[in-house]
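**Q** So that we are looking at the same thing, I have put the structure below in structure tokens.
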Amino acid sequence: MNFLDVDDLTTGELAAVLDRAAAIKADYRDSGASDLLEGQTLGMIFEKPSTRTRVSFETGMTQLGGHAVFLGPDDIGLHGREPVKDIARALGRYVDFVMARVYDHADVVELGEYAEVPVINALTDDAHPCQTLADLLTIREHFDEDVSVAWVGDGNNVCQSFVLGAAMSGLDLTVATPEGYGVDDGVLKRAEGLGTAPATTTDPEAAIAGADVVYTDVWVSMGQEDERAEKLEAFEGFGITPERLGDRKLMHCLPAHRGEEVTDAVIERDDAIVWDQAENRLHAQKGLLAWLAEQE
């Protein structure tokens, strides 16, 4: 089974992965590393730079008794030395899981088609489902089931996966984006089929008004540097300040561009939960890996 976006799981499977993650997190804090994935290897394909993704996956495999192999752009060369499907076929003979952080979502789809081991999407330009697992785990830990979330900013890959996860988890979500930067219509239709599509608006104040949590992300993502001036102009008025946030909790997938989508003061607040969110990348991915291993 592959995990290329959140709705590759059923609603029940998503809940099971999060339950597994919470249990593994609790067990690790009580007793340390485990042998759940002893002798197993994760092959990690990276086209994009990474802090949280690489360290959380590699550390997670170590803590579960397994091993991770880093394969950077110079090591593997997607679309270079050999076709994606040939890389997938070879890796599938060596490792127990493949994780890929790449630009083109079609590449993780092709890896999943040919690898014959579970393939995990660790970020593409279309989706970031592992981040959503961490987000949902963090919300579980900080709030009761009745929670309202406002996404303020770009309807990007992180937002699109979160929209699906929110629909599957029954979260009350409103997405505020500038005109022309909203969530893909296909993703909204998928969310509607999973539960409830989010409310959408171009007014950040309207989205935040009834929210318990405000979630934002960078306006200029990796690979969009040539669009920087255009995007900063389009997103003017969408930044999260202490005054706008009020007593609500802040979520951010990081890294943050302080002074753009958030101020330094917002990130540095004592009650910010962005660091719990970052930590939960580790625990959520451990839960996912352990759950995937049990499906094989």
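Here is a yes/no grid of residues against (1) of a type outside the set (Phe, Trp, Tyr); (2) crowded, with 19+ Cβ neighbours inside 10 Å; (3) closer than 25 Å to residue 254 by Cβ:
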{"position": "7", "(1), (2), (3)": "yes, yes, yes"}
{"position": "15", "(1), (2), (3)": "yes, no, no"}
{"position": "22", "(1), (2), (3)": "yes, no, yes"}
{"position": "84", "(1), (2), (3)": "yes, yes, no"}
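**Q** Give the residue that is farthest from residue 161 (Cα to Cα), with candidates limited to residues of the range 90-128 that are among the β-branched types (Val, Ile, Thr), touching a strand residue (DSSP E or B) at 6+ places or on another chain (Cβ under 7 Å) and part of a loop (DSSP other than H, G, I, E, B).
**A** Checked the range 90-128; the qualifying residue farthest from residue 161 (Cα to Cα) is 95.
**Q** Just need a number here: residues in the range 53-87 that are modelled with pLDDT under 90 and among the hydrophobic types (A, V, I, L, M, F, W, C).
**A** Initially, the range 53-87 is screened for residues modelled with pLDDT under 90, giving 73-82.
Still in the list and also among the hydrophobic types (A, V, I, L, M, F, W, C): 76, 78.
Going through the range 53-87 one residue at a time, the tally reaches 2.
**Q** What pairs come out if I take residues in the range 107-130 that are closer than 20 Å to residue 281 by Cα and pair them with residues that are part of a loop (DSSP other than H, G, I, E, B) and among the basic types (Lys, Arg) whose C-beta lies under 8 Å away, six or more apart or interchain?
**A** Filtered contacts from the range 107-130: 123/48.
Yes/no matrix, rows are residues, columns are (1) modelled with pLDDT of 95 or more; (2) crowded, with 17+ Cβ neighbours inside 10 Å; (3) not in a helix (DSSP H, G or I):
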residue	(1), (2), (3)
223	no, no, yes
226	no, no, no
250	yes, yes, yes
269	no, no, yes
277	yes, yes, no
281	yes, yes, no
284	yes, yes, no
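**Q** For residue 205, all conditions in the list (1) closer than 24 Å to residue 126 by Cβ; (2) without any contact (Cβ under 8 Å) to a residue 60 or more places away in the chain; (3) charged (D, E, K, R); (4) surrounded by 12 or more Cβ atoms within 10 Å (Cβ to Cβ) hold save one; what is the number of the exception?
**A** The single condition residue 205 does not satisfy is (1).
**Q** Next question. Taking the condition of being in a loop (DSSP other than H, G, I, E, B) and under 22 Å from residue 121 (Cβ atoms), how many residues in the range 143-180 meet it?
**A** Of the residues in the range 143-180, 5 are in a loop (DSSP other than H, G, I, E, B) and under 22 Å from residue 121 (Cβ atoms).
**Q** Same structure again: Please count how many residues of the range 67-77 are in contact with a Phe, Trp or Tyr (Cβ under 9 Å, 6 or more places away or on another chain) and either surrounded by 18 or more Cβ atoms within 10 Å (Cβ to Cβ) or in a loop (DSSP other than H, G, I, E, B) (or both).
**A** Counting residues in the range 67-77 that are in contact with a Phe, Trp or Tyr (Cβ under 9 Å, 6 or more places away or on another chain) and either surrounded by 18 or more Cβ atoms within 10 Å (Cβ to Cβ) or in a loop (DSSP other than H, G, I, E, B) (or both) gives 4.
**Q** Then there's this: Taking the condition of being closer than 21 Å to residue 262 by Cα and in a loop (DSSP other than H, G, I, E, B), how many residues in the range 181-209 meet it?
**A** 5
**Q** Moving on. Look through the range 30-66, keep the residues that are assigned to a helix (DSSP H, G or I) and of a type in the set (A, V, I, L, M), and return whichever of them is farthest from residue 101 (Cα to Cα).
**A** Within the range 30-66, the first condition is being assigned to a helix (DSSP H, G or I), and the residues that meet it are 30-31, 52-63.
Filter once more, keeping what is of a type in the set (A, V, I, L, M): 55, 61.
Numbers: 55: 13, 61: 17 Å.
Per the criteria, the residue is 61.
**Q** Considering 141, 110, which residue is surrounded by fewer than 21 Cβ atoms within 10 Å (Cβ to Cβ), farther than 21 Å from residue 10 by Cβ and over 18 Å from the mean Cα position of the chain (by Cα)?
**A** Just a single option satisfies the conditions, and that option is 110.
**Q** Against the condition touching a residue at least 40 places away in the same chain (Cβ under 8 Å) and either at positive phi or surrounded by fewer than 24 Cβ atoms within 10 Å (Cβ to Cβ) (or both), how does residue 182 come out, does it pass?
**A** no
**Q** If residue 87 satisfies all but one of (1) assigned to a helix (DSSP H, G or I); (2) under 23 Å from the mean Cα position of the chain (by Cα); (3) touching a residue at least 12 places away in the same chain (Cβ under 8 Å), what's the number of the condition it fails?
**A** For residue 87, the failing item is (2).
**Q** Kindly indicate which of 214, 220, 266 is touching a Lys or Arg at 6+ places or on another chain (Cβ under 6 Å) and farther than 29 Å from residue 99 by Cβ.
**A** From the options 214, 220, 266, the qualifying one is 214.
The values are calculated or read from the model by the stated rules, or taken from the named source; none is laboratory data. Fair warning: this is a prediction, and the values are worked out from it, not measured in the lab. Here the Cβ is made from the backbone with ideal geometry for all residues, glycine too, and neighbour counts use every protein chain on show.
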